[in-house]
Amino acid sequence: MIEIDGLSKFYDNKAAVDAVSMTVETGTITVIVGTSGSGKTTLLRMINRLETADAGEVRIHGEATDSLAPHLLRRRIGYAIQGHGLFPHYTIARNIGAVPALLGWPEDQIRARVDELLSLFSMEPAQFRDRYPAELSGGQQQRVGVARALASRPDLLLMDEPFGALDPIIRARAQDDLRRIQRALGSTILLVTHDMEEAIRLGDRIAVMDGGRLVQHGSPTGIIRNPATGFVAEMVGGVERPLRLLSLLPVADIVEPGTAPGEAIAPTTNLRDALALCLWSGRDALPVQTDDGRAARVTLKAIRAQAQGPG
Amino acid sequence: MRTYLRPALAVLLLALVVWPERFSWLFAPFAPQGGPVIYSRTSLLSLSLNHLALVLIATLAATLVAVGMAILVTRPFGAAFRPLSRTVTNIGQTFPPVAVLALAVPALGFGEGPTLVALFLYGLLPIFENAIAGLSTVSPTVLDAARGIGLTRLQRLIRIELPLALPVILNGIRLSAIIALGTATIGSTVAAKTLGEVIIAGLLTNNTAFVLQGGLIVGLFAVLLYDLMVQLEQRISARLGL
Ligand SMILES: Nc1ncnc2c1ncn2[C@@H]1O[C@H](COP(=O)(O)OP(=O)(O)O)[C@@H](O)[C@H]1O
Ligand SMILES: [Mg+2]
């Protein structure tokens, strides 16, 4: 568990980060979202002490981060940034193994970890290990950047707009990869973005920042359904709100007995995709796959009910 | 340089230095009537070795000092010294080498001493400027990542900044070494044992053969040294994955 307790940072007597407190549960992704200049980067960099906090403290598993020398603290916290920051004169393997090497892991253990991470990111180790960053595509460089941040199994992974420089298709794939790998490794991640779509896609919890202050912290559905301020409502997007809400809910939540024409969809399909299928094929209901072979379906009416806002 | 040209020039240089008499036929037309054709007061080999040693020592010393200063003034605490150190190295460059030699003689006496001082002062500026350029153009994102993963100040300097700046620094060292190679010839005016001795002897006795001989050898050394260092730079850049 990571506890952020009253963190503040002032530049020229103006608060860039204003008394932010929140708790990040182990094994979850928390996404900090806000417009440019809202203090996200400053908040993140105070956690690994790249910036010194003017007030407040951070505790990792109950231990205050200022009880350690900054460089030792940073070896325990993964850090991935926009534009990856890979060392151009290090091979991929040496880049990924940088922190384990600093921590004094034995050679063979580092090599095994590098190969494990490359495989996890769908990059053939034999093919990529000895290459240099300049020989990789932007998407591959970004994956190596994230792999480097994960290499020593850190208590916490900080990511500052890690996918900001990628084009939309590569970005969506990178987000899916991150989600999958985070689930597989059980990592605790704090990710910063200005893109609410990305926050909804990735976050177990979303923290919305505005003018240096934390204005709302909660589950994605909670934030979409009940935005705390006008600013949050604007961030979650007026007209797109119902669709964003649907994208977070699986068909399994509203499946009912009954038949429907066409090919059955998986119960894990999200309601936004189910809605799209209904509209595209002109159907009012879709059959849903079941374990026991009984007929089940999801209806357009039920989907609509889920998308309806309060009032 | 072409594959054949390099070894051919190297062999020519070696022959000129080790068996100068073999080239009498070449230089004879330029020697005065009945005068000596080949310089023989000191062996050309020992002059060459001494010349190269002066260049090597002066360039090494200039490298150490200039890179050291560049590291200092690119640190946050040393930034204030940047204009001052620039001025100092610039003065080293504006003084004509002959003036440096003349001023150093009273302090250091005749011989190698004043020459080394002049070569050293002359070598500082290109290395210093290049080292500053190299160190301050390392990508801020890379440096931020280096700090973010827990490298200490010294580790960042040694593992990240210096290797990434190395090609540019080597470029400066090459410039310095070539300048030193040429400047060292003037050292013979204050009795340093360099290849300049041959040229000056030629000028004093109106013997164009000596002047050509000395000039040719120094020129070949410069061309080959330049080429060697370019190759070294390329090899290092490739090793660094740049
Ligand atoms: N080093 C700095 N000096 C002065 N002001 C800064 C500095 N870093 C950030 N700021 C200011 O702090 C505020 C928050 O910046 P930042 O944390 O980078 O926001 P975000 O990452 O959300 O875009 C901005 O107004 C920015 O101008
Ligand atoms: Mg930012």
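Quick look at the values:
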item: Filtered residues of the stretch A:208-242 (kept if hydrophobic (A, V, I, L, M, F, W, C) and touching a Leu at 6+ places or on another chain (Cβ under 6 Å)); result: A:224
item: Residue A:27 within 12 Å of ligand 1 (Cβ to nearest atom), more than 14 Å from every other protein chain (Cβ to nearest Cβ) and either modelled with pLDDT of 95 or more or within 21 Å of the chain's Cα centre (by Cα) (or both); result: no
item: Tally, over the stretch A:62-112, of residues that are surrounded by 16 or more Cβ atoms within 10 Å (Cβ to Cβ), aliphatic (A, V, I, L, M) and out of contact with any Asp or Glu (no Cβ under 6 Å at 6 or more places or on another chain); result: 11
item: Verdict on residue A:6 being within 16 Å of ligand 2 (Cβ to nearest atom) and either free of Cβ contacts under 8 Å to residues at least 60 places away in the same chain or touching an Asp or Glu at 6+ places or on another chain (Cβ under 8 Å) (or both); result: no
item: For residue A:152: the one exception among (1) in contact (Cβ under 8 Å) with a residue 12 or more places away in the chain; (2) more than 16 Å from residue A:76 (Cα to Cα); (3) not basic (Lys, Arg); result: (2)
item: The stretch B:119-152: number of residues that are of a type in the set (D, E, K, R) and free of Cβ contacts under 8 Å to residues at least 12 places away in the same chain; result: 2
item: Any hit, the stretch A:208-227, residues being in a helix (DSSP H, G or I) and within 16 Å of ligand 1 (Cβ to nearest atom); result: no
item: Single residue of the stretch A:46-61 satisfying the filter (in contact (Cβ under 8 Å) with a residue 40 or more places away in the chain and more than 14 Å from residue A:6 (Cα to Cα)) that is surrounded by the fewest Cβ atoms within 10 Å (Cβ to Cβ); result: A:61
item: Lone unmet requirement of (1) within 13 Å of ligand 2 (Cβ to nearest atom); (2) without any contact (Cβ under 8 Å) to a residue 40 or more places away in the chain for residue A:67; result: (1)
item: Tally, over the stretch A:196-207, of residues that are assigned to a helix (DSSP H, G or I) and within 16 Å of ligand 2 (Cβ to nearest atom); result: 3
item: Spans of helices (runs of 4 or more DSSP H) in the stretch B:55-162 with at least 1 residues surrounded by fewer than 17 Cβ atoms within 10 Å (Cβ to Cβ) and within 14 Å of another protein chain (Cβ to nearest Cβ); result: B:140-148
item: Meets criteria (touching a residue at least 60 places away in the same chain (Cβ under 8 Å), β-branched (Val, Ile, Thr) and either closer than 22 Å to residue A:103 by Cα or away from ligand 1 (no atom under 12 Å from the Cβ) (or both)) for residue A:32; result: no
item: Checking residue A:159 against (1) under 25 Å from residue A:55 (Cβ atoms); (2) away from ligand 1 (no atom under 16 Å from the Cβ), the condition it does not meet; result: (2)
item: Restricting the stretch A:85-134 to residues that are of a type in the set (Val, Ile, Thr) and within 24 Å of the chain's Cα centre (by Cα), the residue that is farthest from the other protein chains (Cβ to nearest Cβ); result: A:114
item: Some residue of the stretch A:156-172 being within 11 Å of another protein chain (Cβ to nearest Cβ) and part of a helix (DSSP H, G or I); result: no
item: Candidate set: the stretch A:153-187, residues that are closer than 18 Å to residue A:47 by Cα, away from ligand 2 (no atom under 16 Å from the Cβ) and surrounded by fewer than 21 Cβ atoms within 10 Å (Cβ to Cβ); chosen: the one modelled with the highest pLDDT; result: A:153
item: Residue that is within 13 Å of chain B (Cβ to nearest Cβ), modelled with pLDDT under 95 and over 25 Å from residue B:165 (Cβ atoms), where the choices are A:142, A:82; result: A:142
item: Residue check for residue B:53: within 25 Å of the chain's Cα centre (by Cα) and closer than 25 Å to residue B:195 by Cβ; result: yes
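The values are calculated or read from the model by the stated rules, or taken from the named source; none is laboratory data. Model, not experiment: these values are computed from the prediction. Note: ideal-geometry Cβ built from the backbone for every residue, glycine included; neighbour counts use all protein chains shown.
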